[in-house]
Amino acid sequence: MRTLAITTPTRLNSANGGSTGSGPGSGVGGGPRSGSGPRSGRTPRRPAAAAAATACAAVVALVAGCGTDTTAGVVPEGWGTLKTSAVTVAHPPAFTPQSAGERSTYNAAAATLTKDGKDVGMITVQLDFTNADSVDEAAIGAEAGIALGSTLGKQRKVEVAGPEGRTEARRIDFEFTEKGSRIKGVIVAGLDSAKKSYAVRVDAAKGRLGDGDLTKIIDSITLT
């Protein structure tokens, strides 16, 4: 299953053996990796304006995966956790975390779901993947890497847990077909506590990850 990679400050491509343009964390299998990797320098950031708190209760009725005050940042019993310097996310017990030597160098953390020796699901976390001064810019950078021909859903506002409470992010849903399998993908992108971009992506072949587990994964995203 292909994973996140960066070739330009706002473009994400496959980085675990995938073809250019497949997007963050997408697909199964693929060809040689291409691209120059993360940008070495960063442009000065504008001071972040204080965002008005959004009442998640009003959003949850409209947006799947927004979570509630009682589920924000919660790791379900029996689940594992992918921990990075800026973001943590829970994964179902059937997913196996990748070691630093196994995962793409572009991913800060990753876990895979395998069936009959084939990867059928993946969760990836990427940090500082694009220069962004806002949540919207981070989402645009993440969306830019989704493969042409994918069925792309509308960006939706969500909230994730953070050290100072709920923090706004963007959720992007999409689907694509690879090697005869229909893959459902979700990216949650935003700015971490240091105002740098992050993207958490979940990919799974249809029928391999229930909507309930997907919601729990998204609800568990926590900025450190």
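If eta is 1.002 mPa s and T is 20 °C, what Stokes-Einstein diffusion coefficient results for the stretch 85-218, Kirkwood Rh from Cα pairs, in µm²/s?
140
Please sort 126-134, 143-151 by packing, taking for each peptide the average over its residues of neighbouring beta carbons within 10 angstrom, highest first. Could the numbers behind the result be given before it?
Working: 126-134: 22.2, 143-151: 17.4.
Top of the packing list down: 126-134, 143-151.
Could you tell me which of rounded, prolate or oblate describes the stretch 148-210, using a ≥ b ≥ c as the square roots of the eigenvalues of the alpha-carbon gyration tensor, with rounded for a/c under 1.5 and, failing that, prolate when a/b is larger than b/c and oblate otherwise? Write out the running numbers ahead of the final one.
Numbers: a/c = 2.74, a/b = 2.30, b/c = 1.19.
Here the stretch 148-210 falls in the prolate category.
Rounded if a/c is under 1.5, else prolate if a/b is larger than b/c, else oblate: which is the stretch 75-124, with a ≥ b ≥ c the root eigenvalues of its Cα gyration tensor? The partial results should precede the final answer.
Working: a/c = 2.45, a/b = 1.09, b/c = 2.25.
Oblate, because a/c is 1.5 or more while a/b does not exceed b/c.
Going by amide H atoms built from the backbone, whose H comes under 5 Å of the H on Gln98, apart from near neighbours?
Residues meeting the amide H criterion: Ala110, Ala111, Thr112.
If you average 1/r across every pair of different Cα atoms in the stretch 125-177 and take the reciprocal, what Kirkwood value do you get, in Å?
Numbers: mean 1/r = 0.0810 Å⁻¹.
Across the stretch 125-177, the inverse of the average 1/r is 12.3 Å.
Dipole size in debye (nearest 20) for the stretch 176-222 around its Cα centre, Lys and Arg Cβ +1, Asp and Glu Cβ -1?
Details: 9 positive and 6 negative charges, 34 e Å.
Computed charge dipole of the stretch 176-222: roughly 160 debye.
List the lysines whose Cα sits under 23 Å from the Cα of Lys179, skipping any in the same chain fewer than 8 residues away.
Correct list for Lys179: Lys115, Lys118, Lys206.
So if I place +1 on the C-beta of Lys and Arg and -1 on the C-beta of Asp and Glu, and nothing else carries charge, what would the dipole magnitude of the stretch 72-172 be about its Cα centre? I want it in debye, nearest 20.
Details: 10 positive and 12 negative charges, 61 e Å.
Using Cβ point charges on Lys, Arg, Asp and Glu, the stretch 72-172 gives about 300 debye.
Where a number appears in this text, it was derived from the coordinates with a stated rule and is not lab data. Bear in mind that the values here come from a model prediction, so they are computed numbers and not experimental data. Cβ coordinates were reconstructed from backbone atoms using ideal geometry, including for glycine residues, and neighbour counts include every protein chain displayed.
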